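Asker: Starting off with a structure, shown below.
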Amino acid sequence: MTLKLKLLLSTIIEIVLVVLVSMFLVSSARQSAQASENEAQASRIVDTVSQIRFATFEHLLHHNERSFEQWHAKHTQLGGLLEPTATHSQEERTVLETIRGLSGEVEPVFVYLADSYKQPSQDAAAQKELQERLATQLLVKQQAQISLALKLAGLARDQSTLLRAQDTWLVAAVITSMLLITIANFLIITRTITKALGEFQKGAKQIADGNFAYRLSPPNQHDEFGQVGTAFNYMASNLEQIDKVKSEFILLASHQLRTPLTAVKWYSKALVGTGADAMAAERRKRYLKQVYASNERMIELVNKLLDASKIGFGSLMPTPKPVQLAVALEQVLRDISAQIRDNKIEVIKNIDDGPLVVTIDPTWLHIILQNLLSNAVRYSRPGQTIRLGVEHQKNDVLVTIADSGYGIPAGQQSKIFTKLFRADNAKKAMGEGSGLGLYITKAMVEQAGGSIWFESIENQGATFFVKLPVNNKEE
């Protein structure tokens with residue numbers, strides 16, 4: 001075959017390819033536009049569900065009308081976004097219907113919970129337990145909505161990615177034919193593109209499914225796909241950190257705010273309850289000071305959590321300063337005085353003379369002592385005794401908190417400082433609990449340069465020891 005025929009044949013083939021590809025690209029452009037619309041709709045659903053969840057958190061914390069109205073407005077807006085179109089796949093329609101169903105389940109729970117905050121019950125403990133159960137149910141269902149919304153976004157994104165991949169492959173094939181690239185080079189380029197797109201598609205699906213720990217392994221860090229892979233990994237790392245911040249913030253805040261909130265509740269109840277009018281002015285003033293102090297500690301704790309770049313105990317940005325340990329202990333005992341009184345617990349103190357100054361972030365010290373003392377009271381039986389000791393050593397101060405309560409089973413003592421772990425006898429005796437207190441305490445003690453350990457016999461109580469470095473600087 002002459003060169004002229006070869007060129008003519010090549011030209012005819014190229015023209016045919018261009019026409020076919022053009023026709024396909026027109027059709028694909030329409031599909032891409034529809035996929036983009038679906039992707040934009042999914043993105044709005046994800047954003048709206050996230051805003052609903054933030055409004056829920058705000059209402060759980062503040063119980064104000066603004067957060068309720070914001071929640072209701074976003075919930076109504078979500079209903080309008082869940083209408084399927086003819087371009088949605090069957091799987092996308094199923095996800096939309098599932099989100100709609102969850103919305104129908106969430107609304108009455110949230111409204112009932114909001115009403116319960118406005119109308120305090122005579123049985124405050126039962127109401128609080130019901131509110132916590134409803135709040136947990138609400139957050140679980142909203143988390144399911146977020147997961148489904150992310151899945152929907154992933155489906156739309158996968159469809160768009162698939163269409164773009166098809167377009168890219170066809171254009172690459174036509175250009176390759178026009179430029180008479182050798183078969184070997186064509187196969188190599190195609191294989192590289194296909195493999196990279198497959199990895200990106202797999203990675204995008206993993207991220208959409210919530211697996212933020214997934215990372216790509218680009219074959220070549222210096223080419224475009226390697227750069228995109230590096231950017232993808234950077235994005236996944238940031239998403240993983242954001243998810244960790246969110247989870248740790250919720251866990252820490254929900255655990256650490258419970259005690260000061262209980263103190264505020266108890267003193268406020270005394271101030272507005274029966275006999276409040278006959279209360280001495282000095283006593284009323286003292287109660288108001290306790291309410292104010294508890295509120296200030298809550299604000300300080302929340303600010304520290306919000307200021308942290310991430311919630312990992314190595315990055316909570318503590319501000320160590322000299323703190324008088326005896327003063328901090330008395331403040332914690334005042335905060336949990338209602339809990340001590342309700343359980344009829346006697347606290348026996350044995351504190352060495354002297355200032356007993358330690359160097360630690362005051363908020364951290366308060367959290368450490370609060371967690372240990374609250375646990376000692378909580379896991380003691382009514383009428384039992386808690387022994388609180390403070391001993392000055394050479395370069396340290398040793399704090400001892402001993403109770404004679406339920407104790408810790410020997411087979412589970414190695415896990416007691418693990419996050420979210422609770423001993424079987426504690427769960428059986430007390431029921432609810434987060435399993436965060438000792439995990440938080442150990443992390444903060446070690447971050448402050450101290451150490452913590454315990455001794456325990458089941459049904460005979462537990463003794464926790466905390467050793468903190470003393471402040472050697474002159475006051």
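The values are calculated or read from the model by the stated rules, or taken from the named source; none is laboratory data. Please read all numbers here as calculations on a predicted model, not as lab measurements. Counting neighbours? That spans all protein chains shown, and the Cβs are built from the backbone with ideal geometry, glycine included. Areas reflect the complete protein model, heavy atoms only, side chains present, ligands, DNA and RNA absent. Shrake-Rupley method; radii C 1.70, N 1.55, O 1.52, S 1.80 Å.
Asker: Residues of the range 325-367 being under 16 Å from Glu391 (Cα atoms), crowded, with 16+ Cβ neighbours inside 10 Å and without any contact (Cβ under 8 Å) to a residue 40 or more places away in the chain, which ones?
Answerer: Residue satisfying the conditions is Ile351 alone.
Asker: Suppose we filter the range 269-297 for residues that are modelled with pLDDT under 70, open to solvent by less than 70 Å² (accessible area, probe 1.4 Å) and not in a loop (DSSP other than H, G, I, E, B); how many remain?
Answerer: The number of residues fulfilling the criteria is 1.
Asker: Mind counting the residues in the range 55-72 that are part of a helix (DSSP H, G or I) and surrounded by 14 or more Cβ atoms within 10 Å (Cβ to Cβ)?
Answerer: Of the residues in that region, 12 qualify.
Asker: Which condition from (1) open to solvent by 70 Å² or more (accessible area, probe 1.4 Å); (2) more than 23 Å from Arg164 (Cβ to Cβ); (3) in contact with a Leu (Cβ under 8 Å, 6 or more places away or on another chain) is the one that Gln31 breaks?
Answerer: (2)
Asker: Now, a different point. Failed condition for Glu248, given (1) within 30 Å of Asn295 (Cα to Cα); (2) acidic (Asp, Glu); (3) at pLDDT 65 or above, with all others met?
Answerer: The one condition Glu248 does not meet is (3).
Asker: Can you tell me which residue among Glu105, Glu129, Glu97, Glu91 is open to solvent by 40 Å² or more (accessible area, probe 1.4 Å), more than 23 Å from Asp209 (Cβ to Cβ) and not aliphatic (A, V, I, L, M)? Even if it seems obvious, please write down each step before you answer.
Answerer: Working: Glu105 fails: more than 23 Å from Asp209 (Cβ to Cβ); Glu97 fails: more than 23 Å from Asp209 (Cβ to Cβ); Glu91 fails: more than 23 Å from Asp209 (Cβ to Cβ).
On inspection, the qualifying residue turns out to be Glu129.
Asker: While we're here: Any residue at all in the range 104-126 that is modelled with pLDDT of 80 or more, in a helix (DSSP H, G or I) and in contact with an Asp or Glu (Cβ under 8 Å, 6 or more places away or on another chain)?
Answerer: Looking for residues that are modelled with pLDDT of 80 or more, in a helix (DSSP H, G or I) and in contact with an Asp or Glu (Cβ under 8 Å, 6 or more places away or on another chain), one finds none in the range 104-126, hence no.
Asker: On to the next question. Here are some conditions: (1) touching a strand residue (DSSP E or B) at 6+ places or on another chain (Cβ under 9 Å); (2) of a type in the set (Gly, Ala, Ser); (3) within 24 Å of Leu468 (Cα to Cα); (4) open to solvent by 50 Å² or more (accessible area, probe 1.4 Å). Ala376 meets all but one. Which one does it not meet?
Answerer: (4)
Asker: Could you figure out which of (1) open to solvent by less than 80 Å² (accessible area, probe 1.4 Å); (2) not in a helix (DSSP H, G or I) isn't true of Ala86?
Answerer: (1)
Asker: Next question. Is it true that some residue in the range 38-51 is over 22 Å from the mean Cα position of the chain (by Cα) and under 17 Å from Ala144 (Cβ atoms)?
Answerer: Yes, the range 38-51 contains at least one residue that is over 22 Å from the mean Cα position of the chain (by Cα) and under 17 Å from Ala144 (Cβ atoms).
Asker: Oh, and also: Anything in the range 132-145 that is open to solvent by less than 40 Å² (accessible area, probe 1.4 Å) and either closer than 25 Å to Gln34 by Cβ or among the polar types (S, T, N, Q) (or both)? List them, or say none.
Answerer: Of everything in the range 132-145, those that are open to solvent by less than 40 Å² (accessible area, probe 1.4 Å) and either closer than 25 Å to Gln34 by Cβ or among the polar types (S, T, N, Q) (or both) turn out to be Gln142, Gln145.
Asker: In the list Gln77, Gln137, which residue meets the criterion of being under 23 Å from Ala153 (Cβ atoms) and either modelled with pLDDT under 80 or in a helix (DSSP H, G or I) (or both)?
Answerer: Within the list Gln77, Gln137, the selection yields Gln77.
Asker: Moving on. Which of the helices (runs of 4 or more DSSP H) found entirely inside the range 346-447 contain at least 2 residues meeting this: within 24 Å of Pro322 (Cα to Cα)?
Answerer: 362-378, 437-447
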